[in-house]
Amino acid sequence: MFNNTVITFDDIVLGSGQEARIGDGYAGFNWSQTAILSVDGTLPGYTATSGSNIAFIAEAGGTEIAGYEDAAAGSALVFSREAPFDLLSADLSAAFRNGLNISVTAFADEAGTIPLGTVNLSVDQGAETFSFDPALLGGARRVEINANDGDGSTLDYFGIDNLTFRDAAPASGAPTNVGTRDAGRVIFASDESIAAGPELLGPGASLELAVGLSVPASTATELLGTGSL
């Protein structure tokens, strides 16, 4: 049984009202479009529930801000890592308005090409704890949290505190290595990746498919030779 880990963001020392970008490696994750703020009450919607710090989406206003060139303004807040994890809960707060629509999407791969599930939330100013079902978002390697409504004039900013996760086994049916050889197995996630099979497979290899993908028997024979499906 894996233990829960809570990221409070309070181990980064900031002056009141100051912010800083979260760098890759913090808490064992890679981060994109993510900053830490020491809440001072200037934006009453942001609410810290652990100490004084929260994480927040960096460029939700659609304007490019120096220091956050890792993704285009309006992109989702992303955290990812190689080892799979279950996202369990988070305290979320909307900065400027109640009823902010936020989507939380988990992916089986770090690149964000194999979605596991999405939860849509309505978030108000002031913190509220949202719990997530591991059956839907578990076994992830990447999570995207987004509130972009497509209107550049709106300020879709949100904060996060007490981000809680645990180590996990890979999601059921999720490939552990997409389109590459892995300990005698070659795993395909799409029709396009199957096309690369002859270059990847060798004698005695096995072919593993992502959920919902099938291969005609003639194609499998051509790809595998003496291997197995």
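General observations
- Here Ala20 clears all of (1) part of a loop (DSSP other than H, G, I, E, B); (2) open to solvent by less than 60 Å² (accessible area, probe 1.4 Å); (3) farther than 22 Å from Phe130 by Cα except the condition numbered (1).
- Of the set (1) among the β-branched types (Val, Ile, Thr); (2) exposed (fewer than 14 other Cβ atoms within 10 Å of the Cβ); (3) in contact with a strand residue (DSSP E or B) (Cβ under 8 Å, 6 or more places away or on another chain), all apply to Ile65 but (3).
- Ala189, sole failed condition from (1) within 29 Å of Ala55 (Cα to Cα); (2) modelled with pLDDT under 75; (3) buried (at least 21 other Cβ atoms within 10 Å of the Cβ): (1)
- Considering Val143, Val104, Val119, the condition of being free of Cβ contacts under 8 Å to residues at least 40 places away in the same chain and part of a strand (DSSP E or B) is satisfied by Val119 alone.
- Selection count where residues are open to solvent by 20 Å² or more (accessible area, probe 1.4 Å) and of a type in the set (Ser, Thr, Tyr), scope segment 90-104: 1
- Between Thr5, Thr49, the distinction of being outside any loop (DSSP other than H, G, I, E, B), open to solvent by 30 Å² or more (accessible area, probe 1.4 Å) and at pLDDT 95 or above belongs to Thr5 only.
- Only one of the numbered conditions (1) on the phi > 0 side of the Ramachandran plot; (2) touching an Asp or Glu at 6+ places or on another chain (Cβ under 7 Å) is violated by Gly51, and that is (1).
- The number of residues in segment 132-158 that are among the polar types (S, T, N, Q) and either open to solvent by less than 40 Å² (accessible area, probe 1.4 Å) or touching a Lys or Arg at 6+ places or on another chain (Cβ under 7 Å) (or both) comes to 1.
- So Ala127, is it open to solvent by 30 Å² or more (accessible area, probe 1.4 Å) and either touching a residue at least 40 places away in the same chain (Cβ under 8 Å) or among the aromatic types (Phe, Trp, Tyr) (or both): yes
The values are calculated or read from the model by the stated rules, or taken from the named source; none is laboratory data. As the structure is a prediction and not an experimental result, all values here were calculated from the model. Cβ coordinates were reconstructed from backbone atoms using ideal geometry, including for glycine residues, and neighbour counts include every protein chain displayed. Heads up: the accessible areas ignore ligands, DNA and RNA and are worked out on the full protein's heavy atoms, side chains in. Shrake-Rupley method; radii C 1.70, N 1.55, O 1.52, S 1.80 Å.
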